[in-house]
Amino acid sequence: MAVSGRPKLKKAFKKARVIAPLYTSGPVALTSDGKLLATCVGEEVVLTDISTGGELCRFAGDTEDITSLCITPSSKYLAIFTASLSLKIYEIPHSGPTTEKIKPIRTVSKAHESPVHVCTADPTSTLLASGSADGIVKVWDLAHGYITHVFRGHGGVVSALTFNYPQDPTSVAQSGPIRLVTGSVDTHIRIFNLTDGASTSSGGGKPEAVLDGHVSVPRGLDVSPDGKWLVSGGRDSVVLLWDLKPAGGASSKPSKKSGKGKNVEAGPQLVKTILALERVEAVGFIKDPSAFHQKLDELRFYVGGQKGVVTVRGADEEKDVVTLGEKRTRQLTEDEEEQRQIVNILYSPLAETLVSVHADQNIMVYSLQQQQLTKQLIGYNDEIVDATFVLSNTPEKTPLLALATNSSLIRVYSPETLDARLLEGHTDIVLALEKSVDGLFLASGSKDKSMRIWAPHQIGEASSSWSYSCVAVCNGHAESVGAVALSKVADDSTNKNLRFAFTGSQDRTIKMWDLSEVSLDTARNGDIVQCKSLTTHKAHEKDINALDVSPNDKLLVSGSQDRTAKVYAIEYSRSSNSVRGELQVLGTCKGHKRGVWSVRFCRSNRVLATGSGDKTVKLWNLDDFSCIKTFEGHTNSVLRVDFFNAGAQLVSTASDGLVKVWGIHDEECNATLDNHEDKVWALAISSDERTIVSGGADSMVTFWEDCTEETEVEQENQRAEFILKDQEFQNYVSLGDYKRAIQLALSLGQPGRLLKLFTDVISSVSDDKDSVSGNGLLDQVVRTLEGPDFVKLLAFVRTWNTSAKGSAVAQMVLNAIFKNLSADEILEYFKNEDALKAWQSGTKVKDVSAGGDPLREMVQALIPYSQRHLARMERLLQESYVVDFILGEMDNGMLGNGLDDDDSMEID
């Protein structure tokens, strides 16, 4: 009997959203409108909608790493070069998200002799240029897939490519010939004329000009819209501006003037050298659509590289015009600087955005109009070790998700748009996260032996200008801080939500910290409070893994690798002059056979939950610290546990990759959620308890949304529909309308009833000479079946044919099918999408493609059993002849006199 007032159990959850790896490494491309981003995830290319952060589609690879890719300016084609030296051309879909992998429309198996590291398309989206590691540049016709030009002579790896194709929007005629500008590791920049001159195939493919100005490899090249200016940047920390059409040499071909036996060639000239003070990895012009021709002092260009920030500069001044990106507040180590440097910058003139790609797989989107960060996408989170929900400091109090990964940077996500921020402050990997009672403050513990408190703040008026800043630091532990806990009750006297905090460390001690001086005003002022330790308690014999404070701030519990959980009484008092805090041990929870990974107080009952490496979750009584319940079901260590649904249920995560929801009163597993392939370290529950978030070592974050009510309504509707159909089925059977009864049994998916019906149909008409198969009713049923019902019937027939009991009916149905339908008609049935779904439901196969062709699969399953049944019938027939022979012999011996004659002969 149910207890009144007990909350309704949540037993159904759906996968609402997933934060999966977006970018692991390799090249990146952007559509011309700045809305779609193509990134590499392993050996595949993922197309992402920047505004929502959602995956639109994936492009099938060839199991080899992708070395270069580009999207045509028309956003119609995607070109990919892989380590297998192949070129694949894909058509970009614009119909919305799809789960099917996009196949290439054209494949060139051996496009180059060496890996291709750079490629680009011309402004008309008709030509594709690719540069390989052996110094060869090829130009391809995208529409037809053949090579138009081959350029040799580069002194090593081709490092940069760009087209020079001026097209004046005010003029119908083309402004000039098409040129290709290349850079290689020999530090030279070469210009090839693709239209006419010596650079064409007929002219030997020699460069029209060779520019010598860099002393290191040039990594970025770009040409102004009018084709007059060239900007180049390299790892020699300089940006060079070149005049491609200097006075006296503005013709399409460089002219030669003789004077006193010397030839003077009028070609491109270096007009400006700008110190970048960093290794430049990307450079390009900021294009002004209102001005096709620009003077030198009107040029603006972007630069990015070693420092990890994007600078927009003018050609007539040395100072930065705009700096996009946060400047470092501290000196970075060499490894940190290498991880956060820019490896590429993508520019969209239509959207007026710059997208910077960093070595640590982070992607920043900047608005040139607003001159600030508008979106940040995290490419790869690595191993996720903890998660918690926090709230933004806005009137809407938007929920945000904070993640601790295998990094010193904390990720804070907006779940709706996947816009993220990186919180920089710790110097080593962050191990634990905890939110304050109001959700505004975030606490983090790290391997750098410290805990930090973070608070939200607005950088500007835009909704995307939110961020977090460090407001307090707690230093004092001798080892890594692996567990943190904040107070759960606000201080009414000071109207503050932070009173104290606890940290647990590998040094086996628990420290209590005074947070009374930390507030949102501290964040606004930019101050960092150095918190004072109130007490240090030697707690366990091994590492402390977890801490939690009771809802009334009276108790603290700690879980350790020594297989115990200890409960302490918190003594905290604050006066005008001093703050005092103490811990007193109340009891120890013993019973786990392995280390305790997680501890959590119930918010509505005096119980405590612990998760352990012994694969169990235990519930403890806080009065006598005895174990009152044990939940078993995980096949590996339980890593996280928490209460929800008013304390009526538990949720746990484990190393087996599963998330389990438990009913506390009945001690049963209500739901098992499976979407991870590795240990699930992180667990967070939203404030309304409708969403569970799990994060694992597979770099996957899954949002599980409660759908219990929707599932129950759907099940009730299905039950009502089933009752109506069942009654209708009984009516058809009683009326002898076998045709409609069979169709209804097929729709209900009841093979048992269907077998009985066909048995009745076959026995009702023993021999119908006018029918094709010998049974007119069976012929009528087979001819009137629709595609899904027909395919589902074949699936049931295949099952019946595996047993001697149902084989007779199966063979009769197959006889009727093959005599009433042609092979082409049966093939058409299996081409129907709804029919394939019916085949899946009838055969219990999750993916039709995994088993190959369904029709072939069905035939291959029918043949061996049919042969076995035929052999059995032939054997029975032969045995019946033996019986007839024996009976005949017995008749002859009983009625004849052969026996008497034999006996008389023996007597003689």
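The values are calculated or read from the model by the stated rules, or taken from the named source; none is laboratory data. From a predicted model like this one, the values you see are computed outputs, not experimental measurements. When we count neighbours, we look across all protein chains shown, and the Cβ atoms used for this are built from the backbone with ideal geometry, even at glycine.
Any idea how many residues of segment 298-324 are over 29 Å from Asp335 (Cβ atoms) and at pLDDT 80 or above? Reasoning before the result, please.
Start the filter on segment 298-324 by keeping residues that are over 29 Å from Asp335 (Cβ atoms), which leaves 298-301, 314-319, 321.
With the extra rule that they be at pLDDT 80 or above, the set shrinks to 298-301, 314.
Final tally of qualifying residues: 5.
With Ala483, Ala472 as the choices, which residue is in contact (Cβ under 8 Å) with a residue 60 or more places away in the chain and either in the same structural domain as Tyr572 (by TED's automatic domain parsing) or buried (at least 19 other Cβ atoms within 10 Å of the Cβ) (or both)? Working first, answer last.
Details: Ala472 fails: in contact (Cβ under 8 Å) with a residue 60 or more places away in the chain.
It is Ala483.
Can you confirm whether segment 387-399 contains a residue that is without any contact (Cβ under 8 Å) to a residue 12 or more places away in the chain and on the phi < 0 side of the Ramachandran plot?
yes
Among the strands (runs of 3 or more DSSP E) contained in segment 546-600, which hold 2 or more residues that are under 26 Å from Ile685 (Cα atoms) and at pLDDT 95 or above? Reasoning before the result, please.
Working: elements: 555-560, 564-574, 579-590.
Result: 555-560, 564-574.
For segment 403-423, give me each residue that is small (Gly, Ala, Ser), part of a loop (DSSP other than H, G, I, E, B) and in contact (Cβ under 8 Å) with a residue 24 or more places away in the chain.
To start, the set of residues in segment 403-423 that are small (Gly, Ala, Ser) comprises 404, 407-408, 414, 420.
Those still in the list that are part of a loop (DSSP other than H, G, I, E, B) too: 407-408, 414.
Ser407, Ser408 - these are the residues of segment 403-423 that are small (Gly, Ala, Ser), part of a loop (DSSP other than H, G, I, E, B) and in contact (Cβ under 8 Å) with a residue 24 or more places away in the chain.
Which ones in segment 623-636 are more than 19 Å from Gln649 (Cβ to Cβ) and either hydrophobic (A, V, I, L, M, F, W, C) or in a strand (DSSP E or B) (or both)? Even if it seems obvious, please write down each step before you answer.
The first filter runs over segment 623-636 and keeps only residues more than 19 Å from Gln649 (Cβ to Cβ), leaving 623-626, 635-636.
Passing the criteria: only Phe625.
For residues in segment 453-486 being within 20 Å of Ile429 (Cβ to Cβ) and among the aromatic types (Phe, Trp, Tyr), which is modelled with the lowest pLDDT?
Only one residue tops the list, namely Tyr468.
Are any residues in segment 132-146 modelled with pLDDT under 90 and within 15 Å of Asn193 (Cα to Cα), and if so, which ones?
Correct list: empty.
Out of segment 228-273, which residues are among the aliphatic types (A, V, I, L, M) and either crowded, with 20+ Cβ neighbours inside 10 Å or modelled with pLDDT of 90 or more (or both)?
First, the residues of segment 228-273 that are among the aliphatic types (A, V, I, L, M): 230-231, 238-241, 244, 247, 250, 264, 266, 270-271.
Within segment 228-273, Leu230, Val231, Val238, Val239, Leu240, Leu241, Leu244, Leu270, Val271 meet the criteria.
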